[in-house]
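Below: one structure, written as structure tokens.
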Amino acid sequence: MSDQLVLQEIDEGVGRLTLNRPEVHNAFDDALIAQLTAALLSLEADRRVRFVVLAAAGKSFSAGADLAWMRRMADYSEAQNLEDARALAGLMSTLDRLAKPTVALVQGAAFGGGVGLVACCDIAIASETSSFAMTEVKLGLVPAVISPYVVAAIGPRAARRYMISAERFSARQALGLGLVHQVVPPDRLEETGKVLFGQLAQGGPRAQAEAKDLALSLAGRPIDRNLVAETAQRIARVRVGDEAREGLAAFLEKRKAEWQSE
């Protein structure tokens, strides 16, 4: 088994992270959680990287928690379990809040924490043969750490069903629920991702970070005077920035913006 649980590569602005435990269907343990969190932060800080792709080696995206890891946790104290859970919570929060667009390419099974990773990404593309489940209740557990992101992705009603029933659902069902945005044949998963990267490359990097933060900050808030004022302040601030000035100038001059020429 390789010590490199997360493979990392950068190519033409795309930072790719590949879960690399195919022999256990890319199941989570404390080491993988630590490596993936560190890799995400590294790509976020790397100026060469415009977008982050999360993929997985082997037949499955992620089978959730590793059995050996769960056996160890069963002997932990509540304080030790809390520390362990905070590490997973930190991973999910890091992925959800990453200041660069994130794309999940999902093949095979995405169970438990794997569903959480998908829900945390900005865009998720799934193979037609992929399947999803939150099976924690079968073990007497709950999908607590991933729940905020899953509820945000599919809504509380659907989340209640699939968290309680632990039933498996297909890629097409995941599409209908809003967990994934696109379903493609297995042999077109990578190609579809590349097309999407080309589309993403048209947007300004700072504008994309602002747009992501905007969407996250608006979730669940009422449209009141405070929110109206905040959105007006946001666009006023962005308009006077260098990137917005360059984008408008490029549009008026009928040329590519600086970031589109990279």
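Taking all Cα pairs closer than 8 Å and separated by 6 or more residues, the relative contact order of the chain comes to 15 percent.
About the centre of its Cα atoms, segment 77-176 shows a dipole size close to 320 debye [charges on the beta carbon of Lys, Arg (+1) and Asp, Glu (-1) only; nearest 20 debye]. Using C-alpha pairs below 8 Å separated by at least 6 residues, the relative contact order for segment 41-103 is 64 percent.
The angle between the Cα long axis of helix 30-45 and the main principal axis of the chain comes to about 0°, on a 0 to 90 degree scale.
Taking amide H as placed 1.01 Å from N in the peptide plane, S130 has its amide H under 5 Å from the amide H of G108, A171, each at least 5 places away in sequence or on another chain.
The alpha-carbon of K212 sits under 26 angstrom from the alpha-carbons of these lysines, leaving out residues fewer than 8 places away in its chain: K100, K194, K256. Taking a straight line from the alpha carbon of K138, these aspartates and glutamates sit under 14 Å away, with near neighbours fewer than eight places off in the same chain left out: E167.
When the helices of the chain are scored as -39500 (n - 2.57) per DSSP H run of n ≥ 4 and the total is divided over every residue, the value at 222 nm lands at -15000 deg cm²/dmol. In this structure, the amide hydrogen of C121, modeled 1.01 Å from its nitrogen in the peptide plane, lies closer than 5 angstrom to no residue at least 5 positions away or on a different chain.
Specify which residue in the list L98, L248, P186 is farthest towards the positive end of the charge dipole of the chain, using unit charges on the beta carbon of Lys, Arg (+1) and Asp, Glu (-1), about the Cα centre. Farthest towards the positive end: L248. When only Cα pairs below 8 angstrom with a gap of at least 6 residues are kept, segment 112-262 shows a relative contact order of 23 percent.
In this Cβ point-charge picture (+1 for Lys and Arg, -1 for Asp and Glu), segment 56-119 has a dipole of about 280 debye about its Cα centre. Using only the alpha-carbon atoms, how far is helix 189-200 inclined from the longest principal axis of the chain? Give it as 0 to 90 degrees, nearest 10. Orientation of helix 189-200: about 30 degrees from the principal axis.
For the chain, the longest principal axis of the Cα atoms and the long axis of helix 156-165 meet at an angle of about 20 degrees. Within the listed set V142, V151, V195, the residue fluctuating most in the Gaussian network model of the chain (springs between alpha-carbon atoms under 10 angstrom) is V195.
Packing here is the average count of other Cβ atoms within 10 Å per residue, and on that basis the peptides 76-85, 182-191, 108-117, highest first, run 108-117, 182-191, 76-85.
Each reported figure results from applying straightforward, stated rules to the coordinates on display, with no laboratory input. Note that the structure is predicted; figures quoted are calculated from it, not measured. Cβ atoms come from the backbone with ideal geometry, glycine included; neighbour counts cover every protein chain shown.
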